Structure formats: structure tokens, C-alpha cells
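Input: a single structure, listed below in C-alpha cells.
Only the coordinates and a few stated rules stand behind these numbers; no lab work does. Every value quoted in this text rests on a predicted model; they were computed, and no experiment measured them. Using ideal geometry, Cβ is built from the backbone for each residue, glycine included, and neighbour counts are taken over all protein chains shown.
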Amino acid sequence: MDGPAFLGVPAIIASPAMRQVIDLARRVAASPLAVLITGETGSGKEIVARAIHEFSLRSARPWVDINCGALPDQLMESELFGHEKGAFTGADASKPGLFEMADRGTLFLDEVGELDARMQVKLLRVLDGAPYYRLGGQKKIAVDVRVVAATNQLLEERVAGGRFRADLYYRLNQCRIRVPPLRERPEDILAIAAYFLKQYSGQASLSGDARTALLRRPWPGNVRELKNAMGHAAMAARSYQITAADLPAADGIASAAAPSPGRFEGGLRLEGLERDAILEALERTGGRHQKAAELLGISRRTLTRKLKVYRIHNEGDYAYSS
């Protein structure tokens with residue numbers, strides 16, 4: 001099933017739930033409000049953010065996006081606000097920040113919950129309309145940017161725990177859109193599976209038992225996991241008819257946002273599940289942190305922090321548990 005494309009990225013929408021989400025994005029786009037998009041990793045939050053930009057009066061202006069968990073803290077300020085030549089070692093030329101690049105357009109802050117406390121303060125000031133300096137700059141810069149943020153975390157809990165500023169949370173949460181996980185939109189599972197399968201093999205199709213198997217899975221990794229499953233099935237199948245036997249084993253890693261109910265048997269706590277999931281990911285990737293983070297659907301910086309929390313020790317790029 002073909003669907004719309006937002007900024008060149010196709011959106012496969014077959015479920016009433018996602019149609020409602022896109023309809024809300026269309027209505028929100030007409031306002032200047034900041035938008036907070038919530039949902040599990042891989043559920044399609046960026047597609048919704050792109051839809052907001054494309055539906056808005058800013059659609060002819062720049063779309064700029066950044067993953068707030070992808071860069072070390074010391075580089076995030078330069079990336080967002082820019083720097084002047086000589087501002088720090090290696091700054092051989094002046095560089096505009098993403099806010100400048102997004103002027104009169106939209107800036108998408110993915111994984112906004114990953115920002116450290118200092119960056120939260122600076123971001124809040126800019127969102128409140130205060131001009132700012134580039135790093136090492138002497139001239140204030142004012143921009144007109146519509147901010148859309150996304151998170152797979154429960155920011156309310158981070159606010160309660162003192163890890164996220166309440167004033168920034170309320171500033172970002174002027175309008176909220178929740179993207180439901182794939183397991184809550186079964187119509188999308190088969191439509192998206194067929195789309196990805198076509199990318200891997202134009203002649204392949206899903207058998208009845210394969211379709212049934214796809215609908216029965218919880219998909220903790222959402223669309224990313226489904227895409228990987230279709231790639232595996234296309235390579236494993238001995239004919240153009242994909243059967244349930246061609247599908248990879250269900251992912252045993254529980255999503256932190258919505259763990260598989262069976263993993264709670266025996267009274268295990270969520271913290272234990274998360275630690276087990278991290279150890280399992282490290283084992284499956286040979287201890288490689290970047291690969292394990294990708295498998296878990298989190299940034300490498302988040303993984304590094306959780307390794308410290310759960311006392312999983314590092315040996316170079318590898319890890320072991322104490």
C-alpha cells in the first residue's frame with residue numbers, strides 16, 4: 001500500500017489510529033505552538049514531525065533535525081548555536097548553528113530528553129525568544145524557529161526526578177501528540193511489512209501464516225524491527241512466497257517503554273528487565289556498544305550511562321557485568 005510522503009520520506013498509513021495522528025498533526029501545523037511528540041522508539045515520531053512541517057505555513061522554509069542523544073554534551077552547544085573561528089580547539093572557521101539554519105522554518109529535536117541540564121537552560125532561553133551568542137561570538141543572534149521535539153522517555157518522571165527542567169517541559173509540551181506503538185495498530189503492520197518486502201524483493205509476497213505470525217508479535221522495536229524482519233525473510237525464503245518459517249525469531253529484548261508482559265513473571269522489576277536486555281544486546285553484538293545501542297533502540301550515550309548505573313564494566317569497546 002502506497003501512502004503520502006512527508007519531505008520525501010514515505011508514510012505507510014493504513015490504521016485508523018495513525019490516520020487520527022496525522023489529522024491532528026495537520027491541525028496543529030496551522031498554529032505556532034511548540035509540539036512534543038511521544039512514543040516508543042521506532043514508532044514513527046519523525047514522520048509525524050515531518051508532517052507537521054509540511055502541513056505548516058513554514059513548509060517552504062528549512063527543515064532541520066538533530067538527535068539530541070547522538071552527540072557528546074560539549075559538542076551539542078556548538079551544533080545548536082554555532083561558533084566563531086577560534087572559539088575552541090579545532091574551530092578553524094565560523095559555523096552557524098542549527099537554530100540559524102532553521103530560521104523561519106522548523107527545528108526537530110529528537111530524543112530531547114537526552115539534553116544535559118546546562119543545555120536545557122540555554123534551550124529554554126532561546127525558546128522564550130531571547131537572542132543568543134554563538135560560542136566565542138560577540139553579536140547576539142535572533143531567530144524565528146518553530147520547534148518540534150520528540151522523546152521515547154516519560155519526561156514527567158524525569159521532571160519529578162530532577163533530571164529534566166519543569167519549565168522546559170511545559171514550554172515544549174504546548175501541544176502533545178502520542179504516536180501509538182505498532183502493536184496497537186495492526187492494520188499498519190501488514191501494510192508496512194508489504195512495503196518493506198517490496199523494497200527487498202519486488203516479486204515476494206506474504207503467505208497467510210506469515211501474515212498471522214506478523215500480527216501476533218508485540219514488535220518492541222516497532223517499525224525498525226519490522227523492517228529488519230522483512231529483510232531477513234526476503235533473504236531466508238527459498239521462493240517468492242514468504243512463510244512464517246522464513247521470519248526471524250521474535251526479538252527477546254523488551255522495550256523500556258513497554259516491556260513484554262511475560263518478562264515480568266516471577267516478580268522481576270523493570271530495572272532488572274532493562275539490565276538483562278542490555279546484557280543480552282551486548283552478548284548478541286559481541287560487546288560492541290554502538291551495535292548494542294542500535295539493537296536496543298537507544299543512543300550510545302544513553303547506553304554508556306546505563307552501563308554505569310547497572311555496574312556493567314567497560315573493557316575498551318566491550319563490557320562485562322560485575
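Miscellaneous remarks
- Helix 222-236 axis versus longest C-alpha principal axis of the chain: approximately 40°, rounded to the nearest ten.
- Computed FRET value (nearest 0.05) for LEU279 with ALA60, which takes r as the C-beta separation and R₀ as 56 Å: 0.70
- Dimensions in Å of region 185-246 - Rg and Dmax from alpha carbons: 10.3, 30
- For VAL159 and ASP209, the difference between the fully extended length at 0.36 nm per residue and the C-alpha to C-alpha distance is 13.5 nm.
- Cβ crowding within 10 Å ranks SER56, SER43 as SER56, SER43, fewest other Cβ atoms first.
- Across all directions, the shadow cast by the convex hull of the chain built on its C-alpha atoms averages 18.8 square nanometres.
- Label-to-label distance, nm, for residues given as ASP23 and GLN74 (7 Å Cα→Cβ offset): 5.1
- Counting charges near ASP128 (Lys, Arg +1; Asp, Glu -1) among other residues having Cβ under 10 Å from its Cβ returns a value of +1.
- At full extension, TYR310 and ALA249 could sit 19.2 nm farther apart than now, given 0.36 nm per residue minus the alpha carbon distance.
- Inter-part distance where region 213-249 and region 96-160 are each reduced to a Cα centre, Å: 39
- 10 Å binning of all Cα-Cα separations within region 129-228, expressed as whole percents from 0 upward: 12, 27, 22, 19, 15, 5, 0
- The ellipsoid that matches the Cα gyration tensor of region 5-178 has semi-axes, each √(5λ) in whole angstrom, of 28, 19, 14, with the longest given first.
- Net +/- balance of residues flanking ALA237 in space, Cβ distance below 15 Å, scoring K and R +1, D and E -1: +1
- Sorting PHE55, PHE88, PHE81 by the number of Cβ atoms found within 10 Å of their own Cβ, with the fewest placed first, yields PHE88, PHE55, PHE81.
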